[in-house]
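Working notes, beginning with the structure itself.
The values are calculated or read from the model by the stated rules, or taken from the named source; none is laboratory data. Bear in mind the structure is a predicted one, so any value in this text is a computation, not a measurement. Because the Cβ atoms are built from the backbone with ideal geometry, glycine has one as well, and the counts that use them run over all protein chains shown.
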Amino acid sequence: LAAGVFAHPGCTTEDILLVTLPDGGLSVDADIEPREEGTRCERDIDCPSDAFCARRSCAARDGRCERRPTFCDGTFAPVCGCDGVTYWNDCLRKARGHTSAIPGECALGSAKGCDRGTKCGPGAVCTRIVPSPEACAPDVPGVCWVVPAACPPASGVDRFVACGPPGGEPPCVDLCQAARSGMPHARATTCP
């Protein structure tokens with residue numbers, strides 16, 4: 001940092017201070033520049049554009065900048081994000097940049113609800129699963145889920161059928177396909 005005083009004879013009696021900043025200099029916005037991954041943060045804008053502020057719990061005031069994954073597989077290991085959305089796995093939660101999570105699906109009291117008129121937000125779907133075919137109804141409310149872009153191969157364990165008018169047997173689908181459809185589905189007791 002170099003400084004000097006310059007006075008032009010005949011123009012003024014005021015001194016003018018000239019300062020030369022070193023390369024890279026000081027930034028007036030230094031306090032709001034994104035921090036590197038792993039540094040303390042309070043908001044997502046405190047982190048680089050490919051990262052988010054990951055907190056240890058939903059109530060935590062601050063966290064650490066963590067990079068968003070660029071690829072997530074279809075492994076089913078649901079987590080409930082602080083936003084009340086159930087994520088197919090923790091990688092999908094991190095890719096969406098949502099802070100913290102607890103293992104398992106969001107409990108009914110904390111899950112973000114949805115129906116035909118309520119949207120879940122970008123990348124999320126309104127998943128409408130009922131416990132049995134007897135509980136089927138066209139206006140069944142749902143909860144918001146984030147599922148993989150492409151459903152993984154069906155495991156054959158959990159199978160669901162679309163709620164529909166009596167008659168023809170709807171095909172059985174896996175949970176990912178049922179969730180993605182936005183249509184009410186019931187757990188299948190038998191599959192055709």
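A few comments on the model shown:
- Counted residues, region 117-150 - those being farther than 20 Å from residue 164 by Cα and either in contact with a strand residue (DSSP E or B) (Cβ under 9 Å, 6 or more places away or on another chain) or among the charged types (D, E, K, R) (or both): 10
- Scanning region 76-117 for residues that are over 16 Å from residue 44 (Cβ atoms) and of a type in the set (S, T, N, Q), we see that the one that is surrounded by the fewest Cβ atoms within 10 Å (Cβ to Cβ) is 110.
- Boolean, residue 191 is farther than 30 Å from residue 63 by Cβ, touching a strand residue (DSSP E or B) at 6+ places or on another chain (Cβ under 7 Å) and modelled with pLDDT under 85: yes
- Set side by side, the residues 181, 132 differ, and just one is loosely packed, with under 11 Cβ neighbours inside 10 Å and modelled with pLDDT of 80 or more, which is 132.
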